[in-house]
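Only the coordinates and a few stated rules stand behind these numbers; no lab work does. Keep in mind that this is a model prediction, so the values were computed, not measured. No Cβ is skipped: glycine too gets one built from the backbone with ideal geometry, and neighbour counts run over all protein chains shown.
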Amino acid sequence: MKAYLITDPHYYGRDPHTLRTTLRAVLQRHRVTHACFRDKGATDIEPLAAAFVMTCQSFGLEHIYINTHIALAQHVGATGVHLTSSQLSYIPEAKASNLHVIASTHNDEEIALAEALGADCMTYSPIFTTPHKGNPKGLEDLKDKVDKISANIIALGGIVTAEHVKSIEKTGAYGFASIRYFIDNS
């Protein structure tokens, strides 16, 4: 099962040195297959994104994403972009830019649209309770989506323990994504 790390400035900071130091420590402790730089409020995002990509590359990661910014992902040498559910219409643009696309989805309609537009895989969330993300979908709903959809689905939302990861693995999901799991279990 794929392990998808997503950053948050609360844990990784907002300067390149802190980001690199924290990310290195996390990558030394966890088998991460995919990683995404996400900072919704940075005023100078390019140096942070570049530090993120370079650090991930130094660990041999092949799947390195920038959240929401197609041009920035290309500019800093990321392999892909993670688009929000409100950006699904940008999937063809990102694919035309030779970027791997992960799309955020939360319901059947978004899943169908992301799949139709060519997303390489999608997150489905929230699976467990997580702050400010609404009611959790739960494992049964996740399994239902995995069984019905041909695209790769990555579980996201409230995944903070090894038990959560094991329960997601039993659904047949392609992987799990988390911010806190990689920090809290370091």
Exercise. Only Cα pairs under 8 Å and at least 6 apart count here; give the relative contact order of region 2-184 as a rounded whole percent.
Key: 17
Self-check item: Estimated Rh, region 2-184: Kirkwood, alpha-carbon pairs, angstrom
Solution: 16.3
Practice problem: Mind giving me the FRET efficiency for residue 97 and residue 163? R0 is 45 Å, r the Cβ-Cβ distance, nearest 0.05 is fine. | Solution: 0.70
Quiz prompt | Segment residue 71-residue 15, extension gain: residue separation times 0.36 nm, minus the distance between their alpha carbons | solution = 18.1 nm
Self-check item: Cut-off under 5 Å, modelled amide H: who pairs with residue 123 long-range
Solution: 103, 104, 105, 154
Practice problem: Would you mind working out the magnitude of the charge dipole of the chain relative to its Cα centre, with +1 at each Lys and Arg C-beta and -1 at each Asp and Glu C-beta, to the nearest 20 Debye? | Solution: 500
Self-check item: Gained length - residue 184 relative to residue 84, 0.36 nm times residue gap less alpha-carbon distance
Solution: 33.5 nm
Quiz item: Charges only on Cβ, +1 for Lys and Arg, -1 for Asp and Glu: so what's the dipole of region 78-186 about the Cα centre, in debye to the nearest 20?
Solution: 220
Quiz item: Which FRET efficiency value, to the nearest 0.05, do you get for residue 40 and residue 150 by plugging their Cβ-Cβ distance into 1/(1 + (r/R0)^6) with R0 = 41 Å?
Solution: 0.85
Quiz prompt | Among 114, 146, 162 the positive-end extreme of the charge dipole of region 99-186 (Cβ point charges) | solution = 162
Quiz item: Given the pairs 95/143; 95/166; 95/133; 2/148; 40/166; 137/166, which span a C-alpha to C-alpha distance of over 23 angstrom in this model?
Solution: 95/143; 95/166; 95/133; 40/166
Quiz prompt | Packing rank of 3-12, 75-84, where each peptide gets the mean count of other beta carbons within 10 Å, highest leading | solution = 75-84, 3-12
Self-check item: Efficiency of FRET between residue 57 and residue 135 - r from beta-carbon atoms, R0 35 angstrom, step 0.05
Solution: 0.40
Self-check item: Loop-located GluC sites (Glu not before Pro) in region 1-110 whose Cβ has at most 15 other Cβ within 10 Å (DSSP)
Solution: 62
